[in-house]
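Q: Please find one structure pasted underneath; my questions will follow.
The values are calculated or read from the model by the stated rules, or taken from the named source; none is laboratory data. All of these numbers come straight from a predicted model, not from anything done at the bench. We place every Cβ from the backbone using ideal geometry, glycine too, and count neighbours over all the protein chains shown. Just so you know, the surface numbers come from the protein's heavy atoms only, side chains and all, with ligands and any DNA or RNA stripped out. Shrake-Rupley method; radii C 1.70, N 1.55, O 1.52, S 1.80 Å.
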Amino acid sequence: MSDMNSVQTLPQKKISAFQMLLLCAVGIMINIAGVRIASEFDVPLYLDTAGTMLTAVAAGGLPGIIVGFITNMLKGLFITEGMYYGVLNMFTAIMASFFAKKGAFRNFFLPLLTIPAFAIVTGVLSAVLTWFLNGCQMGGIALVFAQYFYDNTPLDYFLSQLCGDISLELIDKSLIVVLVALLLLLVPKSMRGNFRPDAQDSERAAAQQNREKTACRLISLRTKIILILTAASLLIAVTSTAISFVLFKNSTREEHIKLANGITELAASVIDGNRVNEFIEKGDSFKDYSDTEKMLYKLRNSSPDIEYLYAYKIEKDGCHVVFDLDTNELKGEDPGTVVPFDETFLPYVPTLLEGGEIEPIISDDAYGWLLTVYKPVYDDLGICRCYVAADVSMNLLSQYGYGFITRMLSLFVSFFILSLVCCAALVNRSVIRPINKMAYSAGAFVYGGDSAEAENVGRIKALNIRTGDEIENLYNAFVSMTQQSVEYVEEIERHNETISQMQNGLIMVLADIVESRDKCTGDHVRKTAAYVRIIVNKMKEMGLYADQLTDRFIKDVINSAPLHDIGKIHVPDNILNKPGKLTDEEFEIMKEHTTVGSSIIQQAIDMVPESGYLEEAKNLAEYHHEKWNGKGYPNGIQGEQIPLSARIMAVADVFDALVSRRSYKKPFSFEKAMSIIQEDAGTHFDPLVAKAFVASADEVKKVMEEFDRISNPYGEEIDVDGSSDQKR
């Protein structure tokens with residue numbers, strides 16, 4: 001118990017960077033071990049915050065947040081939704097650090113008092129995330145608890161989810177807090193403290209002296225930088241989320257239109273236009289009518305998004321029912337029934353009376369939020385006899401939208417918290433400390449009495465700078481010494497460049513989130529880019545396609561390689577991440593990512609004509625699934641009709657797909673994947689490109705193994721014989 005009492009002094013102690021890194025590594029391993037235990041034994045708990053809490057208590061908030069962030073990124077490699085809950089792990093670190101500073105972990109029993117706070121905060125956040133990630137429905141690990149509350153209490157779905165998550169978190173955090181209290185007994189006293197790289201006492205004294213001299217100080221430079229970073233990050237997040245949501249919404253709407261068009265075209269082919277009048281007159285008593293109706297039911301039931309399917313003969317007095325299929329909630333109208341025109345439908349009546357076609361209609365009325373597509377049914381003379389219509393439910397669009405926005409925001413908050421605390425530490429260490437150090441050094445130098453320096457001080461004093469922040473400390477130092485201050489200003493500029501690079505890095509991370517929805521895409525684009533770099537360099541070395549492989553071309557291809565799968569933003573999640581072979585219909589949708597990607601990049605080119613590498617990015621996006629023998633997609637072109645950049649990407653893309661683990665297959669061995677590339681040279685691949693790739697086997701293997709070490713720290717089974725099922 002005496003060991004635990006020493007934890008009370010955590011905020012006053014300071015640990016080294018090495019100790020902090022060691023604690024972080026141990027914390028991550030503890031978290032991952034908890035996740036594996038929960039998964040292995042199918043325990044309905046998270047068990048992924050013990051290492052986070054331990055690190056935050058023993059080393060401070062920043063290390064704890066880093067552990068929480070890395071844990072959920074690693075967790076996301078084998079549990080897709082795991083990364084979206086990273087914000088819970090990071091909030092756990094913040095709370096644990098706060099409670100530790102307040103002395104809540106100074107003995108074995110006090111930490112137990114923090115359990116309700118942990119459970120409520122993380123439970124509420126978990127419930128909100130789960131609710132929206134599941135399209136405003138109950139779900140997640142706490143589903144069993146939520147279902148119990150819904151079945152046995154008057155609570156609605158959301159409140160049941162909330163109570164379920166809080167109950168689960170209460171059990172989870174009870175185990176975690178007790179475990180952390182026990183683990184703290186094992187942490188050496190020398191490694192218990194706060195990672196806080198403070199300035200020297202002399203530096204702090206100089207800073208305090210300058211603050212006392214300045215009556216106009218309002219806000220520190222560190223605070224200003226953090227506020228600027230916060231504002232910039234929020235602007236980027238809002239803009240990126242808005243743009244991606246519009247693209248998502250438009251693509252989903254187009255998918256619904258394609259679905260409705262497909263159903264109505266099939267339905268129109270089923271209905272015999274020559275017998276429309278007989279269908280209206282005889283109805284169910286007519287055998288052909290019943291047979292046709294059965295086929296229409298099969299068509300409607302083929303997709304859960306189809307709400308209603310019916311056929312109307314449009315006359316001046318209204319819509320004469322030919323077929324109107326029953327639903328679980330609503331019985332269809334009998335054949336021959338005349339349905340009056342709705343007021344919103346009147347503008348389309350003249351066109352329909354003439355047998356013309358109209359654009360899809362989106363309506364929100366008593367029947368729900370629907371997208372309606374009308375297709376004419378013709379007789380043998382080519383005369384329109386009636387229209388078949390399909391109403392597609394648009395409700396899923398809002399559900400998908402909630403999940404999409406929630407994923408974006410949860411990832412942004414995780415990155416934002418991490419970047420903010422890292423920025424605060426970086427600014428404190430790399431900007432504030434050097435400025436105060438300069439002030440102290442310059443203040444000491446002024447007593448040298450050098451006449452030349454005195455002249456400089458006189459000129460600087462005449463500036464009378466009053467900025468009210470740390471720059472004022474720099475100004476006061478300039479009064480005593482000029483040359484040293486110039487050197488320190490240069491150092492500050494270097495540190496500001498570091499901050500700028502960090503902001504640019506955040507922008508790239510957010511852009512990657514917007515463009516990469518496939519759970520494997522993040523590593524995939526980086527690996528294929530690395531393989532593309534190897535191929536083009538080897539081709540240039542071998543003198544292949546020398547007239548095309550200019551330095552500009554090589555640079556453009558390498559820069560544009562990560563954009564080859566940007567069109568997958570158009571592919572629905574259930575297809576993109578399906579753990580098995582795609583159906584023909586799903587594969588057709590998947591193939592559209594090539595043309596959609598080309599269209600997206602073309603829009604960017606139209607807005608920025610001098611776009612450089614985007615021209616090659618467009619080629620990569622559209623043609624990287626074309627084959628040398630012409631049997632690829634989307635255009636079925638062959639040979640050198642396929643742009644060279646796309647032929648290069650085809651090899652890199654297929655190789656990475658072969659050696660990477662997917663939800664629907666195990667990874668192939670390096671040797672097996674290489675043999676497939678060689679075998680398909682001249683059929684699937686440009687033989688010269690394949691030749692260059694095989695000739696670079698050592699470099700390729702080195703890149704593959706490096707990524708494997710990062711993405712698969714525990715090892716995974718390799719499919720040597722290539723017998724695993726392949727997704728198309």
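Q: Using packing as a proxy for protection, rank 347-357, 554-564 so that the peptide with the highest average count of other Cβ atoms within 10 Å comes first.
A: Per-residue Cβ counts within 10 Å, averaged per peptide and sorted highest first, yield 554-564, 347-357.
Q: While we're here: Convex hull over the alpha-carbon atoms of the stretch 55-189: what's its volume per residue in Å³?
A: 106 Å³
Q: Quick one: if you stick a label point 7 Å off each Cα along the C-beta vector at residue 573 and residue 238, how many nm between them?
A: Roughly 2.5 nm, to one decimal.
Q: So how do 60-72, 94-106 stack up, highest first, on mean other-Cβ count within 10 Å?
A: Ranking, from highest mean packing down: 60-72, 94-106.
Q: Then there's this: Can you sort 298, 75, 258 by solvent-accessible area, 1.4 Å probe, largest first? All intermediate terms of the calculation are to be shown ahead of the outcome.
A: Details: 298 155, 75 20, 258 105 Å².
Putting 298, 75, 258 in descending order of accessible area: 298, 258, 75.
Q: Taking every pair of distinct Cα atoms and averaging 1/r, then inverting, what Kirkwood hydrodynamic radius in Å comes out for the stretch 227-333?
A: Kirkwood hydrodynamic radius for the stretch 227-333: 17.0 Å.
Q: Right, another one. Per residue, how many Å² of accessible area does the stretch 229-369 show with a 1.4 Å probe?
A: 56 Å²
Q: Give the Kirkwood hydrodynamic radius (Å, one decimal) of the stretch 562-651, defined as one over the mean of 1/r across all pairs of different Cα atoms.
A: 13.5 Å
Q: Give me the accessible area of residue 136, 1.4 Å probe, in Å² rounded to the nearest 10.
A: Accessible area, nearest 10 Å²: 40 Å².
Q: Something else now. Could you sort 278, 586, 706 by their accessible area in this structure, using a 1.4 Å probe and putting the largest first?
A: 706, 278, 586
Q: Size of the dipole of the stretch 224-299 about the Cα centre, Lys and Arg at +1 and Asp and Glu at -1 on the beta carbon, nothing else charged, in debye to 20? The partial results should precede the final answer.
A: Numbers: 9 positive and 10 negative charges, 132 e Å.
Here the size comes out at about 640 debye.
Q: What ranking of 618, 631 comes out by heavy-atom accessible area, probe 1.4 Å, highest first?
A: Per-residue accessible area, sorted high to low, gives 631, 618.
Q: How far apart, in nm, are two points set 7 Å out from the Cα along the Cα-to-Cβ line at residue 249 and at residue 302?
A: Computed distance between label sites residue 249 and residue 302 equals 3.1 nm.
Q: Rolling a 1.4 angstrom probe over the protein chains, ignoring ligands and nucleic acids, what is the accessible area of residue 251 in square angstrom, nearest 10?
A: Roughly 20 Å² of residue 251 is accessible to a 1.4 Å probe.
Q: Using R₀ = 45 Å, calculate the FRET efficiency as 1/(1 + (r/R₀)^6) where r is the Cβ-Cβ separation of residue 327 and residue 606; round to 0.05.
A: The pair residue 327/residue 606 has a calculated efficiency of 0.55.
Q: Roll a 1.4 Å probe over the protein heavy atoms and report the accessible area of residue 91 in Å², nearest 10.
A: Looks like 70 Å² after rounding.
Q: Using 1/(1 + (r/R0)^6) with R0 = 41 angstrom and r between the beta carbons of residue 136 and residue 550, what's the FRET efficiency to the nearest 0.05?
A: 0.15
Q: Let me ask something else. In square nanometres, what is the average projected area of the Cα convex hull of the stretch 230-282?
A: Projected over every direction and averaged, the Cα hull of the stretch 230-282 covers 5.1 nm².
Q: Still on this structure, I have one more. Given the Cα-Cα distance of residue 227 and residue 278 and 0.36 nm per residue of separation, how much length would full extension add, in nm?
A: Value of the extension gain: 11.0 nm.
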